[in-house]
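Colleague: I am attaching a structure below and will ask some questions about it afterwards.
The values are calculated or read from the model by the stated rules, or taken from the named source; none is laboratory data. Because the structure is a prediction, the values reported are computed rather than measured. Here Cβ is always computed from backbone atoms with ideal geometry, including for glycine, and neighbour counts include all displayed protein chains.
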Amino acid sequence: MLRIGSIFIALASWTVSTIAFIPLLPAEAWAADCSQWDIGGHWEFRQSNGIKVYFDLEQTGSAISGSGVYGVRGDRNYGGPVTGSINGNGNIQLTTSWGGEYKGGVGSDAFIGGTTSSAGQKTVVTWRGNRAATCQPKPVKKLGKQLPGTSTTSDIPEKPVKKLGKRLPGTSKTSDTPQHQVAKANDDVDIYKGPGGEFGAYRCGPINCFMNKDETANVLWSKNGWYQVQTNKVPGGSGWVAEDHLTVTTH
């Protein structure tokens, strides 16, 4: 069962004879596991009345923009701009150009879903996204002393920062070159939307998006035996690959 927050999307008016209802739970119950969700990319929202709505979204921070199309009986006939936002609790607000409302949020399986009703009407149907949202990495906390009487910090760290770099041969000093990790694909391997097979692989046309054998990519994050790598092959510029398909080196 989904634990749902608050989501608003405008939709066109539809007449529905049966109403399917899912009890809504606060998004905060799940949001503790992620400080900021990312719902950028292509989406298919499947409704209990048989209508499918398609969105192509871009997310910058918490702001969302993009476009959407929908149709009745399989025809994708209507469309227009989409704007909105998503907060740290997984609550989403989206508005389209053609009118109506959606309510929902990020569930415990990282999928989004909820209920929708036409503008000015009481008819309610349920909906669910076709894939999981992505958890953005937490921002790096700035180290420094707080300036008196302000909420800003100085550029002088409170404690010495350990220098990351390669040790120079024959000395105890390190170079000024910062360390970073690079992943090399051991074989052709699919790129996933989260750190686990349950999140599903990204699709590039009729096939899954994948790293080619011997292809390299910078490592951004690691979790539960998966590496988040930087790649322009998938929406958002990063995806997850299982560690047993990679050789990771530190430079």
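Colleague: Hey, can you tell me all the residues within the stretch 214-241 that are over 12 Å from the mean Cα position of the chain (by Cα), not in a strand (DSSP E or B) and not acidic (Asp, Glu)?
Modeller: ASN224, GLY225, THR231, ASN232, LYS233
The rows are residues; the columns are (1) at pLDDT below 85; (2) surrounded by 18 or more Cβ atoms within 10 Å (Cβ to Cβ).
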{"position": "PRO26", "(1), (2)": "yes, no"}
{"position": "GLU44", "(1), (2)": "no, no"}
{"position": "SER48", "(1), (2)": "no, yes"}
{"position": "TYR54", "(1), (2)": "no, no"}
{"position": "THR60", "(1), (2)": "no, no"}
{"position": "GLY71", "(1), (2)": "yes, no"}
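Colleague: Let me ask you something else. Looking at the stretch 100-126, I want the residues that are modelled with pLDDT of 80 or more and have a partner that is among the polar types (S, T, N, Q) and part of a loop (DSSP other than H, G, I, E, B) with Cβ atoms under 7 Å, at least 6 apart or on another chain. Which pairs are those?
Modeller: GLY105/SER6; VAL125/SER48; VAL125/ASN49; THR126/SER48
Colleague: List the pairs whose first member sits in the stretch 229-240 and is more than 15 Å from TRP37 (Cα to Cα), whose second member is of a type in the set (Lys, Arg) and at pLDDT below 95, and whose Cβ atoms are under 9 Å apart, counting only residues at least 6 apart or on separate chains?
Modeller: So the pair list comes out as VAL234/LYS193; TRP240/LYS193; TRP240/LYS223.
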